[in-house]
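Laboratory data are not the source of any read-out in this text; all were calculated from the coordinates shown. What you are looking at is a predicted structure, and each value in this text was computed from that prediction instead of being measured. Virtual Cβ from ideal backbone geometry, glycine too; neighbours counted across all protein chains shown.
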Amino acid sequence: MQHIKDLRTRLAVRELQLYPEIGPQMAANLVLLGVTGTTDLAQRDPEELFVRYLTQYGPCDRCVLYVLRCAVYLASTMETGSPPDPERAQWWQWADADDPREVGAHCS
């Protein structure tokens, strides 16, 4: 049974990495938070995921929230069969309006 669970985990991690904003570590972290793949991610609230992320992993850069917002947008858009808006498919487009960093700035 553990083998099947491990296989599902590896498949979920690989599937989540289909989105350019999600790398191997973020995908693994999402799976540990209970995200089972892109279909599941499409149904999630990025703000709630971010709170759970902070609870599980401790303080992190706010850019993690922006990546989550973008990833949920991509997943939910793809679920409808529509292509995502290329402008909105970039994580920095999901930054808070009051974030002092310039659009497209790298997170620390």
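Some values worked out for this structure:
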read-out: Taking the convex hull of Cα positions in segment 2-94, its mean projected area over all directions (nm²); value: 5.9 nm²
read-out: Positive minus negative residues near Cys70 (Lys, Arg vs Asp, Glu; Cβ under 10 Å); value: +1
read-out: Size of electric dipole in segment 2-94: Cβ of Lys, Arg +1 and of Asp, Glu -1, about Cα centre, debye, nearest 20; value: 280 debye
read-out: Between segment 64-86 and segment 7-49, the Cα center-to-center distance that results, in Å; value: 12 Å
